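Colleague: Here it is: the structure, laid out below.
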Amino acid sequence: MDKTLRTSASGLNAQQRYVEIIANNIANVNTTGYKSVRPEFQDLLYETLRPAGAISRNGVEPLNAVQIGSGVELVGTARYFHQGDVVGTSRELDLAINGEGFFVVEMPDGTNVYTRDGTFSLNDVGQVVNPQGYRLIPDIFIPNDVVEIQISRNGTFNVLRNDSVEVENVGQIELARFVNPAGLRALGENIFVESPASGAPILQEPGESNTGEILQKYLESSNVNIVEEMVNMITAQRAYELNSKSVQTADNILGTATQLKRQ
């Protein structure tokens, strides 16, 4: 019965993790640029009570193997980077990517990180930064006498000064693309960092090789499907309940066995 308890405990732990992942997806349903996560489970080692090809008692019939599993474990989490809905805003520095690319921003320690959150603004020196104050790479500075900012689909920053009738180019956005974006490691704050699984970033101008075009005055919404998450939560809850029933059943059998010894 110890095996039953351990197997059921692994199921309880796995379903608890599943609910935690679902809860995080639901919590981020309104997070700009958030990408939903799914757990990846696998079964554990099997105990082979009789190998395949064994001969039956009559000495003739070959039999299938008799194996009993040891439960389940969470082996990974897969992040789905399919496009979220694009929602219009009225801010000139709100940007969305229609494609596979990522904005490149630099953290205070000089590390380049990547994000789908295009909620940019200006710091005290006119530099384009994200909500955490990390500067957009390459650096783009907006003069303080600008009356209009125009950002093209290929990432070109053009500005119109209050004493001019012609636009002025002040910078160019570069986007990063990854061979395996699902391998990126999330750091929180809507940012990711490359990992051995994701591969090195491929820097390109917007619009090249499926990197994606820039949409000014738009933001990408979370790609969480709330209906799907609710269905998954119900499934995980029922699975948790069934695993707890297995624990109760194993406990009842142990109790019965104990009573037999006492009689």
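Colleague: Name every residue in the stretch 164-207 that is buried (at least 19 other Cβ atoms within 10 Å of the Cβ) and β-branched (V, I, T), in order of residue number.
Modeller: I173, I191
Colleague: Now for a separate question. I need the full set of residues from the stretch 165-179 which are touching a Leu at 6+ places or on another chain (Cβ under 9 Å) and either assigned to a loop (DSSP other than H, G, I, E, B) or basic (K, R) (or both), in order please.
Modeller: E166, V167, I173, E174, R177, F178
Yes or no, residue by residue, for (1) in a loop (DSSP other than H, G, I, E, B); (2) at pLDDT 95 or above; (3) closer than 18 Å to Y218 by Cβ; (4) among the β-branched types (V, I, T):
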{"position": "G110", "(1), (2), (3), (4)": "yes, no, no, no"}
{"position": "D117", "(1), (2), (3), (4)": "yes, yes, yes, no"}
{"position": "V125", "(1), (2), (3), (4)": "yes, no, no, yes"}
{"position": "V128", "(1), (2), (3), (4)": "no, yes, yes, yes"}
{"position": "Q132", "(1), (2), (3), (4)": "yes, no, no, no"}
{"position": "V147", "(1), (2), (3), (4)": "no, no, no, yes"}
{"position": "D163", "(1), (2), (3), (4)": "yes, no, no, no"}
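Colleague: For the stretch 239-263, what are the residues that are within 22 Å of S70 (Cβ to Cβ), open to solvent by 60 Å² or more (accessible area, probe 1.4 Å) and of a type outside the set (A, V, I, L, M, F, W, C)?
Modeller: First, the residues of the stretch 239-263 that are within 22 Å of S70 (Cβ to Cβ): 239-254, 257.
The next check asks that each one be open to solvent by 60 Å² or more (accessible area, probe 1.4 Å); those that pass are 240-242, 245, 248-249, 251-254.
Scanning the stretch 239-263 gives Y240, E241, K245, Q248, T249, D251, N252.
Colleague: Enumerate the strands (runs of 3 or more DSSP E) found wholly within the stretch 1-89, keeping only those where 2 or more residues are of a type in the set (G, A, S) and farther than 19 Å from V247 by Cβ.
Modeller: Details: elements: 37-43, 46-50, 66-69, 72-79, 86-88.
Correct list: 72-79.
Colleague: Mind telling me which of the residues A186, A197, A182, A236 ends up being assigned to a strand (DSSP E or B) and on the phi < 0 side of the Ramachandran plot?
Modeller: Being assigned to a strand (DSSP E or B) and on the phi < 0 side of the Ramachandran plot holds for just one of A186, A197, A182, A236, which is A186.
Colleague: Considering each residue of the stretch 129-141, count those that are open to solvent by less than 50 Å² (accessible area, probe 1.4 Å) and either among the charged types (D, E, K, R) or within 15 Å of R91 (Cα to Cα) (or both), and give that number.
Modeller: Number of matching residues: 2.
Colleague: Out of the stretch 208-227, which residues are outside any loop (DSSP other than H, G, I, E, B) and open to solvent by less than 80 Å² (accessible area, probe 1.4 Å)?
Modeller: Selection gives E213, I214, L215, Q216, L219, E220, I226.
Colleague: Could you list all residues from the stretch 1-55 that are open to solvent by 40 Å² or more (accessible area, probe 1.4 Å), of a type outside the set (A, V, I, L, M, F, W, C), in contact with a strand residue (DSSP E or B) (Cβ under 6 Å, 6 or more places away or on another chain) and within 16 Å of G69 (Cα to Cα)?
Modeller: Result: Q42, D43, Y46, E47, T48, R50.
Colleague: Being free of Cβ contacts under 8 Å to residues at least 24 places away in the same chain and in contact with a strand residue (DSSP E or B) (Cβ under 9 Å, 6 or more places away or on another chain) narrows it down to one residue among D145, D109; which is it?
Modeller: It is D145.
The values are calculated or read from the model by the stated rules, or taken from the named source; none is laboratory data. Values in this document were obtained by computation on a predicted structure and should not be read as measured data. Using ideal geometry, Cβ is built from the backbone for each residue, glycine included, and neighbour counts are taken over all protein chains shown. Remember, those area values only see protein heavy atoms, side chains included, never the ligands or the DNA or RNA. Shrake-Rupley method; radii C 1.70, N 1.55, O 1.52, S 1.80 Å.
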